[in-house]
Amino acid sequence: RYRFYQNACTQSYSYAWWDWARWEREIDWMALSGINLAPAFAGQEAAWQRVYRSLGLNQSEIDAYFTGPAFLAWNRMGNLHGWAGPLPPAWHLKQLYLQYRIVERMRSLGMITVLPAFAGHVPQGILRVFPHVNATRLGGWSHFDCTYSCTYLLDPEDPMFQVIGTLFLKELIKEFGTDHIYSADTFNEMTPLSSDPAYLSRVSNAVFRSMTGADPEAQWLMQGWLFQHQPDFWQPAQVRALLRGVPLGRMIVLDLFAESKPVYQWTESFYGQPFIWCMLHNFGGNHGLFGTVEAINHGPFTARRFPNSTMVGTGLVPEGIEQNDMVYELMNELGWRQEPLDLASWVTRYAERRYGAPNAAAASAWRLLLRSVYNCTGVCVNHNRSPLVRRPSLHMDTELWYNASDVYEAWRLLLSASAELGSSPTFRYDLVDVTRQAAQQLVGDYYLSIRQAFQSHALPELLTAGGVLVYDLLPELDSLLSSHSLFLLGRWLESARSTATSDREAEQYELNARNQVTLWGPSGNILDYANKQLGGLVLDYYGVRWSLFVSALVESLNSGSPFHQDQFNQAVFQVERGFVYNKKRYPAVPTGDTLEISRKLFLKYYP
């Protein structure tokens, strides 16, 4: 029935700064891909602001609650408040305007829009206006303390729960109309106050009633991430209680990470509630070639054949987009199939469709990528952990789930096809991406040489390996990325600035954009979670970190004093923070010839 698309986090990792022109392209792609169920989450803060004002909160209490634009996804899920905020009035107006167009276009193309609903999280100001409400403070989230975390959760049995939930939905429906499906996540990565099944049933029943209070036909769409994220808490009795607090069929659960950690298998198909088999694939919008093609080629069909299966669709739910197009094209196609595909012949046709012409070398490159980097098996979690994008230390992970030589060979084959395919924009993009992956592997190799040289006190080898990495490989990678518009830091930063209506807003938005892809929080709370490989970022952020690391190791060998990671972390934090605040403008227009730069890198570094 459904082909679902979007993750709650994508709103911040990818769509944060989009204008209507960019949204229009995305919605067209959704239609062309057969997507028929998707969230429309823009502009909800404007509706919440009206609700909070009508309840008696003042503007400063509201300002202390909303985060900045790059972090709203986690404000909406009750993880954060206040960080990188407040939201300027112009932000609300622009987002409302976008939302009108988004829902109108999605519906005109036959899609069902999912609107946000009340999950129970409230600003602290509610406790001032209603001193007798029963609200409990949740714990901190993901290395954040209570300065920006520890949200208040309204007790589902408190009468105010229904009042606020229904007020909000009525406001949204009045504004945008409705397709009767609503999204709410009460316990996303947050531990409930009690594991008593009766309590959990009351929570989900209260959330559902606050929806039906505004729309008697409401259906609740819920992310099933929590069940596999905290399996110790969510035992079968707890899962069943939460799901069965809602009448059967009135909830749709997203089995969010089904390609690696399916939940339907150990919950008797979500105890009878309909579910959508989703491929998560990407965390934090990281770059890095990755896929689990065998798992997605078989997973949805296995789920349909599961005893008493309640599967009602397939879905794409990456945290960030604009990476690994092939995997999403494959998953979209599987939504229309009766049985698994022959992947090798599918990917051969994919290369031809993507470049607009058959080419033997390009097809061979893709078959190599398919069997290696795109075929992670077992429990695969796609966080890019390459030393390239992580804070340097002597204990970094360089393990690969594939044969590095397959990527080098695919790089060689793609370059050999460039005479014929070089004018294709998709080919140029893929050439950057595969060259980038090869360079990322090389960084891992140079890191191992640096570590080995340091541990065996070999100063000349340390200087050589460190010198090549810092003064040649990273600058070359940066110039490669700078040759393509989709790999520019400037594009991300300028899109943030262009959302602003004043210089002050532009500065705030740029800090939001810079912080998200680096420190992720005031003090590196989720450091490098949303790492990207972008021209400008590689040189001025990752490169400067590596330079500092190599210097610290050289200094340690020269002086005979041990290398202290803690001291290095304090020094490198100043570099990381310095990057967020350096105010340097980065070009939003590419420079240099991708094919030439890739060939130059190849001649220097192809092993």
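The values are calculated or read from the model by the stated rules, or taken from the named source; none is laboratory data. On a predicted model such as this, the values are computed, not experimentally measured, just so you know. So basically every Cβ, Gly included, is an ideal-geometry build from the backbone, and we count neighbours across all protein chains shown. When the accessible area is computed, the model is the full protein with side chains, heavy atoms only, and any ligands, DNA or RNA have been set aside. Shrake-Rupley method; radii C 1.70, N 1.55, O 1.52, S 1.80 Å.
Here the range 300-346 has an Rg and Dmax of 12.4, 36 Å, counting Cα atoms alone. Using a 1.4 Å probe on the protein chains only, how many percent of the accessible area of the range 385-605 belongs to carbon and sulfur? The C+S portion of the solvent-accessible surface of the range 385-605 is 53 percent. Computed extension length for His298-Leu193: 34.0 nm, one decimal, from 0.36 nm per residue of separation with the Cα-Cα distance subtracted. Contact order, relative form, for the range 17-247: 21 percent (alpha carbon pairs under 8 Å, 6 or more residues apart, mean separation divided by residue count). Estimated from helices alone, the mean residue ellipticity of the chain at 222 nm is -15000 deg cm²/dmol (sum of -39500 (n - 2.57) over DSSP H runs with n ≥ 4, per residue).
Evaluate the relative contact order of the chain (contact order divided by residue number), counting alpha-carbon pairs under 8 angstrom at least 6 apart; express in whole percent. It rounds to 12 percent for the chain.
Whole percent per 10 Å bin, from 0 to the bin with the longest distance: what is P(r) over all C-alpha pairs of the chain? Whole-percent P(r) values from 0 Å outward: 3, 16, 26, 26, 18, 8, 2, 0. Of the DSSP H helices in the chain, those that are both long (alpha-carbon extent of 15 Å or more along the helix axis) and hydrophobic (Kyte-Doolittle mean at least 0.5) are 159-176, 360-371, 543-559. Derived from the Cα gyration tensor, the three semi-axes of the equivalent ellipsoid of the range 17-247 are 27, 22, 18 Å, largest first. Value of Rg to Rh for the range 385-605, rounded to two decimals, is 0.99; Kirkwood radius and Rg both from alpha-carbon coordinates.
Accessible surface for the chain, divided over its residues, is 37 Å² per residue with a 1.4 Å probe.
Annotation: peptides 157-167, 494-504, 203-213, ranked by per-residue average of other Cβ atoms within 10 Å with the highest first, follow the order 203-213, 157-167, 494-504. For the range 385-605, relative contact order (Cα pairs under 8 Å, six or more residues apart, normalised by length) works out to 28 percent. Between the range 363-424 and the range 25-85, the alpha-carbon centres lie 36 Å apart.
Cβ distances below 4.7 Å define possible disulfide partners, and in the chain the cysteines left without one are Cys9, Cys278. A compact globular protein would have a Cα radius of gyration near 2.2 N^0.38 Å; the ratio found for the range 93-156 is 1.62. For the range 417-503, rounded, prolate or oblate, judged on the Cα gyration tensor with a ≥ b ≥ c (square roots of eigenvalues), a/c < 1.5 rounded, else prolate if a/b > b/c? The shape class here is oblate.
For the peptides 438-444, 219-225, what is the packing order when you average, over each peptide's residues, the other Cβ atoms within 10 Å and list the highest mean first?
219-225, 438-444
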